[in-house]
Structures are given as C-alpha cells and as structure tokens.
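For reference, the structure is listed below as structure tokens.
The values are calculated or read from the model by the stated rules, or taken from the named source; none is laboratory data. As the structure is a prediction and not an experimental result, all values here were calculated from the model. Glycine also receives a Cβ, built like all others from the backbone with ideal geometry; neighbour counts cover every protein chain displayed.
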Amino acid sequence: MNKKPLTEPPIIKIDHVSKEYRLGAIGGTTLRDEMRRRKAERRHEADPTARIGYTGGAYGERFLALDDVSFEIRKGERIGIIGHNGAGKTTLLKLISQITAPTKGEIGINGRVASMLEVGTGFHGELTGRENVYLNGSILGMSKKEIDDKIEQIIDFSEIREFIDTPVKRYSSGMFVKLAFSVAAHLDAEILIMDEVLAVGDVDFQKKCIAKIKEISYSRHRTILYVSHNIASIRSLCSRCVVLEKGKLIYDGDVEQAISLYTGKQGLSRQEISFGSTDRSCFATDGKVRLQSLRFTDDVSSCFAYGQTIRAELSFLAEGTLKNLFFRLPVFTDSGTRVGTIHTQILPCVVPGSHRLMLTFSFEQLLPGKYSFWIIARSDSLADPAYDHDVVANAVVFEITAPDSTPLLPGGYYAGWGPILFPEAAAEDFADEKI
Amino acid sequence: MLDSKEYSLILSPRHRLFDLHLQEAFRHRDLIFLFVKRDFVAAYKQTVFGPLWFFINPILTTLIFTVIFGDLAGLPTLDAAGGAAIPGFLFYMAGNICWGLFSSTLTSSSNAFRSNAGLMSKVYYPRIISPVASALSHLITFGLQLAMFFVLYAFVFFTGRGELVFTWRVLMIPLIALQIMFLSVGCGILISSVTTKYRDLNMLVGLFVRFWQYATPIMYGLSLVSEKNSRLLKVYMLNPMTPIVTFFRYSAFGSGYFSLAYYLISWAITLAVLLLGLIMFSRIERSFVDTI
C-alpha cells in the first residue's frame, strides 16, 4: 500500500470497533429486569438476568454484529466492503454514518459524511419530484443553496424532467428510483457512503451512476465507501476492498483477492471445491467413480469474464477399470433452466485409483449473469446406459461478468434476451435503387 | 484512544451528558424548514377545504365546548370571580388554541423517534430536528388560529358584545406561545426517550393528555376552582399549564386572573422539564435505532 506522509491523519480511522446487539430482544426488556440489571451494574456484579452457561443464539443473547474491527481509510480511496448477509457490512456503515453508536472502540472522521443506505430516504409520496429532491437532498446533508445550484443537473441526470412537478406517488417504481439515484449521485461530501444503492434500476442507468460516482471520486478526490453484493460494480468502482465475515474483518487490500475470497463457498479455500460430503442420494448412480474435488488454477474461481477460458483440475477416484469415461457439465441459469451442456473428451481406458484431470473449457456465448453447473461422470458404453457413475448437483455456482469496454449487445442486454449470445449476423444492404 | 486533535469527529460509546449537536442542528436549518413545509403541504393535499381545516377544527371544538360546557353544564367562563363578562365562545376559543398548540406538539414530539424511525435508521441528521420541526409546524398553525381568534375578538370588541379591555399585554402572547412550546416539547421528548424502550407508556400518552386537559381551565373558568376551595387552588396552580392559559386570557381579554408567583413557578417547571427532556433525549438519540 502506498504510504502517505505520517503527518496527515487518515480521513476515517476505525479503531477496535465492536457493536453488540441482543438477539430478539430489541428493546423487549421488562422494567423489572432492567432495574435488577442496573442495580447489579452499580455493584459490579454479574448480570442477574443473563442465563448462566448458555451460549446458544437464543432470545436475549448478546451477539456481536461487529467484532473488534480496525482499519484506516485515506483520502480519495474507494473502498468496497463485501461479505455475506449478516457479516456486519451495514452495521459498519451505520456506525460510520452516525446512525448508531459503537459498543466498543472509536471511529475518527475528518470530513463531512453523506450516507445513502437506502434509495429515496425520506421521499414523501404527496410531494412533487422537485420538492422531494430538495427534501431528500437536505436529509442527505446538502444545503438548500447546493441543491439550488445542482437541481437542473439532477433533473437532467434523472431523465424524468417531464414528470418532475408530479407527486412522486404517481411515479412508476423505475422513475422513483432514477430520481432518488440522481440526488445521491450529486452528493458532494468528502465521504460518500453507499449501501447497495446501485443494485436496483436498469442496467444502463446503473452504469451511468457508477460512472458519475467514479468521476466525482477522481476529479474531486472524494472518499467512497461502497457495500454491494454486485461483484461487477465493486470491481469497476473500488480501489481497495475489505471483507467482513461474521463481524470480523478477514481481509483488507486488493480488490480481486477480496472478491475471490468472498465468492468462495468456504471462505478462504474457494479455489478448491470438495465434493466429498456432497449428497448424491437422489441420483441413481453405480458408484464406479467418486468425484472428489474441482480446483480452479486461476485466482478467480466463481466469477468469470465473458468468453474467458477456464482451467480446472478435477480429482476423482475410479473403483474399477472404466472404458470410455467422460464428464458432462450441464449448465443452469440461477432460475434453474438448463442452458446447455459441456462434454469432456472421452478417456478410452481409466485404471482403478485416484486420478487428476486438467479440464480446459469456456462458457463462450454465455451472457453475463449467475449460473451453476453440475458434474456427471459417465461411460460411453452401451452395456449400462441407465447409470451415471457419479453426479454432483450444483457443483459450482458462478457468475459471468460483462467486459467493461464494449457492450455485448447493442442497446444493452437484459435477462429477457436469454442466456446465449449467438454470433453477430451479417447484414448487407443490397438494394439496387438508392433514394 | 483517538486523538481528538486529529479528527473533526470522534464516535465512541461514551456519551456526554448534554450533547445535542445544536450547532449541527443550526447547520441543518434548511432541513428543519423542509420538514415543516413537508408537514404542511402533505397534510392538506387532496382535501377540498385544504388549509381551511386549520380554522374549521378549533371553531367546531369551540362550538361544542360552548354548547356543552357553557350552555348545558353552565360552567363559569370566568377566571376571577366577579370579573368582566367574556363571551363564552371567545373564552373557549382562547383556551382551545392554547391547548391545541400544547397537546399537538406534545403528541407529535412524543412520537418523534417512532414516527421517524424509518428515516432515522437510514440517515443521520441531528435527531432534535424532528421534534423541533414538528413543534414549529404546530406553532405556525397556532399563529393562524391566533389570527382567527383576533378577528373574532375585534368583532366582539367593536360591536360591544362583551366587556373586553384591550391592553398592550397582548404583546405577551409570543412569550406565552414560547413557553407552551418549551413545556410541550420538553414533555414530548421526555416521553419519547422513555417510550422507545418501554412502549407501554405510549399507550398512556393520549389518556395523559386528556387528564391534563381536565386539570387545566380549558373547559371551564378558573373561578370554578378558586371559588370552591382555596387550598385546592394552591395545588391546582402548580399545573404549569394553568398559569399559562389564564395568563393568555388575562393578556387578551384585559381581565381575569394573574399571579406572578404561580407564573414564575410555571416557568421554573417548564425549564426543568425541558432540560430533563433534552438530557434524556441526548442520552437515547445515539443508539435508539437499535431498540426501536
């Protein structure tokens, strides 16, 4: 990491911060328990209302949403915060944006924070679009003068100028989101905090927002904290990533490393996926092959660029001599529709014992989206056509990401166009008469 | 421990006793204004009479009071025995608009956390802005109703239907309004700080406000109490709203009841409640999001 002169403090310093919640007991405490607790606290005794020797996550149990998290953010950095649901991402943002106070530790901040934890916070249905821009802008920390200066830009950006003086309750949800985005995209605090806000709205508009935020960050040297499950947007926006898992900070640094860590099924060891304990009971298999693991040789294991060639090492155990063994990888969309199937070459003769196979394949023509594939081991012999040797359902869940530079489909792509992009058709204009 | 010289803002679990971010609240004054505007604009969208409801409500209430308590029950509309006769309608209206300001501000600021929970759990702004903005919008309503009151007052005054004496004491009305605001916001935020955790009390707010109204000379004149029992009066006057309401009528009508001692006690209680409310509010505002 590049070192800044020591005299300049970080713009945000998070110093051993923890945040504790009580499971289920959100304020649900009785006055009597409360008094007993207070009394014990004064006498430095143990909490009389706590259950003794019980560590399960039961009602009233204390739970650390953030557990001793420390890191620093320098001016102008664009930090992505990733982690699974419940990892503490939003809690962290809530602490930094002063919505709630930490239970332990301190957070030092140098500069004005504008946080967008939700699209359209404080929008009021009865007010017009324009009035809501003012209201929402002020709630997010802009002064009236700032909004006066930017209102035209905001309206242009939102693409809904003709409806700007209509009450927002008459808006479609898309229009609503666009207007709310536009306000957010024009926030100009030193520190911008965004939680999943770009995850909705249509693709083109999302791109426009990310571009706008990038521009703000580069040209004005703004610091950005961004939480999203959308890997593509993290990749295109962030300069550094922090990974949280169960309230703990498990990684801080390079974006790609962080993404591969996060997308991994078992945290760190994602590059290798083990099938040892996968349940196969619902498939009729003869058990002559036991699939053991799949190891991706590249860093990124479940997030592939469009058209990327993938190399992976498949380990399996053969129970007997097998003729004409091959593997089938049926690919499914995340809604479960079968897209197509990849076949490996046929292995003429496989001796008993453990084997490692280097597979090289690609999902060419598969459009960006979330997919999964199964792995089926099978022999190309007519003797036992009914049986597969082994089946691992949903062996790998992966995502295809769009290239940053060129759009894959003119006019943008949508899920509705289906998962496959066929090669471009030639179109020649051969009319004789030119008008 | 972070060095407070290095950071403009340090967030920590500790909390200072009286930390309301008033400077910050001042910087957010545009937001206060917009909240007030939102309350007004939103309240009367899609109504036929629109802002006329500001007037229709107190007029109807006053009419009912005049008929039920004045004509049917025959309660006195005098603050001091043997004082000048004030038309019942005007007497009740004076009490009603004062009480209206008090009860609506108290109710809305006692809901400050709960009714803004959605907003407050998503974005930070000095929390005190919410009760202040709602109090200001009720103050504007009060101003409009006061104007209506003085139109009726002028009508009675010039047609000679009652023994009204116009004095420059009417200039005390802004001070009275200020005190009502302080008292109601103080009580409201005190309640709101307690009810984020123990919702039970919230159920009692409506009942509490109604009892308080009975204990204040709104539906009857103070003479009802003072004539019957002078010892009861001493306790009765400790209700901070009583000196406020009687002082309002004393200032507006030029006659009635005024006791400086009780009035000062009322101010003392008002300021104490406000201070306590603010302390409790600042205690709870940092983490109420977790308990709401």
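Numbers for the structure displayed
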| item | result |
| --- | --- |
| Helices (runs of 4 or more DSSP H) completely within the stretch B:1-103 that count 1 or more residues being charged (D, E, K, R) | B:22-27, B:29-43 |
| Single match in B:154, B:117 (criterion: over 22 Å from the mean Cα position of the chain (by Cα), surrounded by fewer than 16 Cβ atoms within 10 Å (Cβ to Cβ), small (Gly, Ala, Ser) and within 14 Å of another protein chain (Cβ to nearest Cβ)) | B:117 |
| Filter result for residue B:289 (part of a helix (DSSP H, G or I), under 13 Å from residue B:113 (Cα atoms) and among the aliphatic types (A, V, I, L, M)) | yes |
| Residue check, residue B:191 within 13 Å of the chain's Cα centre (by Cα) and either part of a helix (DSSP H, G or I) or more than 29 Å from residue B:275 (Cβ to Cβ) (or both) | no |
| Selection status of residue B:55, away from chain A (no Cβ under 14 Å), of a type outside the set (Gly, Ala, Ser) and touching a residue at least 40 places away in the same chain (Cβ under 8 Å) | yes |
| Qualifying residues in the stretch A:139-154 (those that are modelled with pLDDT of 90 or more and buried (at least 19 other Cβ atoms within 10 Å of the Cβ)) - the one nearest to residue B:26 (Cα to Cα) | A:147 |
| Residue satisfying condition, being within 14 Å of another protein chain (Cβ to nearest Cβ) and modelled with pLDDT under 90, within set B:39, B:79 | B:39 |
| Positions within the stretch A:286-331 being in contact with a helix residue (DSSP H, G or I) (Cβ under 9 Å, 6 or more places away or on another chain) and β-branched (Val, Ile, Thr), in sequence order | A:297, A:300 |
| Residue list for the stretch B:196-219, filter: in a loop (DSSP other than H, G, I, E, B) and either more than 14 Å from every other protein chain (Cβ to nearest Cβ) or over 11 Å from residue B:110 (Cβ atoms) (or both) | B:197, B:198, B:199, B:215, B:216, B:217, B:218, B:219 |
| Count of residues meeting criterion [within 7 Å of another protein chain (Cβ to nearest Cβ) and at pLDDT below 75] in the stretch B:2-31 | 1 |
| Residue check, residue B:276 in a loop (DSSP other than H, G, I, E, B) and among the aliphatic types (A, V, I, L, M) | no |
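Residues checked against (1) in contact with a Gly (Cβ under 7 Å, 6 or more places away or on another chain); (2) surrounded by 15 or more Cβ atoms within 10 Å (Cβ to Cβ); (3) at pLDDT 80 or above; (4) not assigned by TED's automatic domain parsing to the domain that holds residue A:83:
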{"residue": "A:240", "(1), (2), (3), (4)": "yes, yes, yes, no"}
{"residue": "A:243", "(1), (2), (3), (4)": "yes, yes, yes, no"}
{"residue": "A:251", "(1), (2), (3), (4)": "no, yes, yes, no"}
{"residue": "A:259", "(1), (2), (3), (4)": "no, yes, yes, no"}
{"residue": "A:284", "(1), (2), (3), (4)": "no, no, no, yes"}
{"residue": "A:290", "(1), (2), (3), (4)": "no, yes, yes, yes"}
